[in-house]
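J.: What follows is a structure written as structure tokens; I'll ask about it next.
The values are calculated or read from the model by the stated rules, or taken from the named source; none is laboratory data. These numbers were taken from a predicted model, which means no experiment stands behind them. Here the Cβ positions follow ideal geometry from the backbone for every residue, glycine too, while neighbour counts run over all protein chains shown.
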Amino acid sequence: MPQLILLYDSASEVKVQEKILPALAKQQPSLHPWSADELPSWPEGTRLVTYLPDAVLYQVIPQIIAKKWVLGLLPHPEMIELAKGFKVRASLEKALAELNFTAEPLAVDQLYCNDKLVFNAVSIGDPFGLRASSKTESLASRWRRFKLLVGSLNKVRLRSFTLTTEKEKTLETAALGMVAVDRGDASAFARRVVDEVQADDCQLNLLILSPRSLMQAFSFLIASVFFGFLGVNRLPKYLGVIKSSAVKIEAGQPVTYIVDGQKYKSDTIQLRVEPGALTLFSHLLGKKDLTQQNNRKESFRVKGLPIGEARKELVAYPLPWIHHAGTDEFKDLFLVLKENAKTSEVYLTLMVLATLLALIGLFANSAPVIIGAMILAPLMSPIISFSMGALRQDEQLIIESGRSLVLGVGLALFCATLMTWLIPLWSINEQIAARLSPTLLDLGVAIISGIAGAYAHSRAEVAKSLAGVAIAVALVPPLAVAGIGIGWFDWAVFWGAFLLFLTNLAGIVLAAALTFMVLGFSPFKLARRGLIISLLVVVLVSIPLASSFIRMVNEHGITSRLEGQVFANAELQDVRVKPGETLLVSARLLTADPLNLVELDLIKQAIELELEQTIRLEATLVLVR
């Protein structure tokens, strides 16, 4: 077996003599201090262990590759990039323990960038936080880095790139920056977004950062600095990954690229991997099957990257605060919404059936039946279309969806009124009463429903039925109750239920329009008028809702103050209050002995003293033995 040679930095002579040589006593290496001259012409297969900084290794390793020597790496204090790229332990003892001098040497790939040796990574363009946090980085350091990156958000701008792989597959896209690494698990950033490999796979990994908005860039920053990304199976849409043995990157004009911390500039960047170029003593990189080199497949995970018109728009202008949907994406959604806005036979039929089902559920005081009507209701279609029309000031879409909405509401009121005349029930039960006093909480339900509806329509992978449930839950029952009010000629019932319907309708339209804008389906300049009108309607509707909400809060406050109180040896339970000229307090009085009128008056006076107002007491006496 050839003798082992220890090539070391002459400035580290003392450490070599005191620590490294004793640790390599079994191998009995010969010493060779580094000089700037050409290395001796040792024969092929010479076994070499280096204790050198990165700057020297950039000169040494090309000679090692050319002369086919076997290399072992020891961690030098200034060997930083090579240690990262080849996973060399920082501890000298651990690094020596992992070097196997008796096993078959391992041929590993070597990455080049414009024919420059790459130990760790290549950054192209604006890296903008493409270095993920390591486990050892302190929270204070992460926070300082995060603040610096946030400060550069206003300078963020994408540029056009053309990428061509070894197998002539081409991608024209816009990107903020890229990072190229050989071994995906050797980089703190790459190991979180590319497949983990046991050893070299004869391919490089090119990671492409293409945020379409400042919000996406900000999201990337948070993930990069504090969480370390989402992992290989959940690649964010603003990231792409290409695996190939060679990638040519053309920028059209000079672009900055950084090789292991050193800056360069060029309009063309050629990345390539030389399979099995470097022979190492076997260590953590593991084993490698070179028989698969010719059968390796390129991988393109670039579905979320901008192409076509989207690429041109992102290159021409600074990044918007929110992502603007591409032409194709908007076209598909607009066609769906335009179709949903039409008044069809199916829509009218489902509207009648949903209203009748809700009406029967209301009279039967049956929540499950009412839920069935919610799911059946088709009102979500014209409402979401109306929201988009209002957002983009599309008169045709507004008129078409508005007509469908008016016809649907009118048909629902007519059917509910007619059925009320045919059903001989004239009392307000729990389900009907629940829809007579809308508050700001009901507006919250409408807003959430609107967000759900718009989001579900804009994302093909989300089932449309989810939006139907979310929206119908806030619309059909109030319409049915309003029809009951007309049938009874009880305008208090009609107004209370119809106010709830208007509340939910206005809230859904505003929330859906805002959601569509945030998702990028309209610029703010175009959306401003529709949003302002929708907001004014919501504000006007909110005035009576706020009054009802304040009253509800006061009633709950009184109930909580009286519940469980003991007056004249009687405990108040199931306390309920009803506002009026004089507040009505209804409660069960739990007592061990019967109460006379005098004692009831004392309890009433005690409650009035507690509430500091006059009340009417409605008491149910319960004897407890």
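J.: Only one residue in Ala606, Ala527, Ala513 is in contact with a Gly (Cβ under 8 Å, 6 or more places away or on another chain) and in a helix (DSSP H, G or I). Which one?
T.: After applying the criteria, what remains is Ala513.
J.: If I go through the range 98-130 residue by residue, how many of them are modelled with pLDDT under 90, more than 30 Å from Phe218 (Cβ to Cβ) and touching a helix residue (DSSP H, G or I) at 6+ places or on another chain (Cβ under 9 Å)?
T.: So the answer is 1.
J.: Something else now. Taking the range 398-442, which residues are over 23 Å from Leu510 (Cβ atoms), part of a loop (DSSP other than H, G, I, E, B) and under 39 Å from the mean Cα position of the chain (by Cα)?
T.: Listed by number, the residues that qualify are Ala434, Leu436.
J.: Another one. Assess whether Gly304 counts as being on the phi > 0 side of the Ramachandran plot, modelled with pLDDT under 85, among the small types (Gly, Ala, Ser) and not in a strand (DSSP E or B).
T.: Taking the combined requirement at face value, the residue does not satisfy it.
J.: Restricting the search to the range 100-114, which residues are part of a loop (DSSP other than H, G, I, E, B) and more than 43 Å from the chain's Cα centre (by Cα)?
T.: Phe101, Thr102, Ala103, Glu104, Pro105
J.: Moving on. Just the residues that are more than 20 Å from Thr102 (Cβ to Cβ), in a helix (DSSP H, G or I) and not aliphatic (A, V, I, L, M), please, taken from the range 1-25.
T.: Selection gives Ser10, Ser12, Glu13, Lys15, Gln17, Glu18, Lys19.
J.: So is Val575 in the same structural domain as Arg616 (by TED's automatic domain parsing), in a strand (DSSP E or B) and at negative phi or not?
T.: So Val575 passes the test.
J.: Here's a follow-up. Can you say whether Ala25 is surrounded by fewer than 16 Cβ atoms within 10 Å (Cβ to Cβ), among the aliphatic types (A, V, I, L, M) and within 45 Å of the chain's Cα centre (by Cα), as far as the supplied structure shows?
T.: Answer is no for this residue.
J.: Please work out if Gly496 is surrounded by 22 or more Cβ atoms within 10 Å (Cβ to Cβ) and part of a helix (DSSP H, G or I).
T.: Criteria met by Gly496.
J.: Next up: Can you say whether Gly72 is among the small types (Gly, Ala, Ser), at pLDDT 90 or above and touching a strand residue (DSSP E or B) at 6+ places or on another chain (Cβ under 8 Å), as far as the supplied structure shows?
T.: Judged against the criteria, Gly72 is a match.
J.: Given the conditions (1) at pLDDT below 85; (2) β-branched (Val, Ile, Thr); (3) within 54 Å of the chain's Cα centre (by Cα), report the number of the one that Val585 does not fulfil.
T.: So Val585 meets the others, but not (1).
J.: If only one of Ser344, Ser387, Ser366 is under 30 Å from Gly520 (Cα atoms) and loosely packed, with under 15 Cβ neighbours inside 10 Å, which one is it?
T.: Of the residues listed, the single one that is under 30 Å from Gly520 (Cα atoms) and loosely packed, with under 15 Cβ neighbours inside 10 Å is Ser344.
J.: Do you know which residues across the range 596-625 are of a type in the set (A, V, I, L, M) and within 13 Å of Ala570 (Cα to Cα)?
T.: Across the range 596-625, the qualifying residues are Leu600, Leu602, Ile603, Ala606, Ile607, Ala619, Leu621, Val622, Leu623, Val624.
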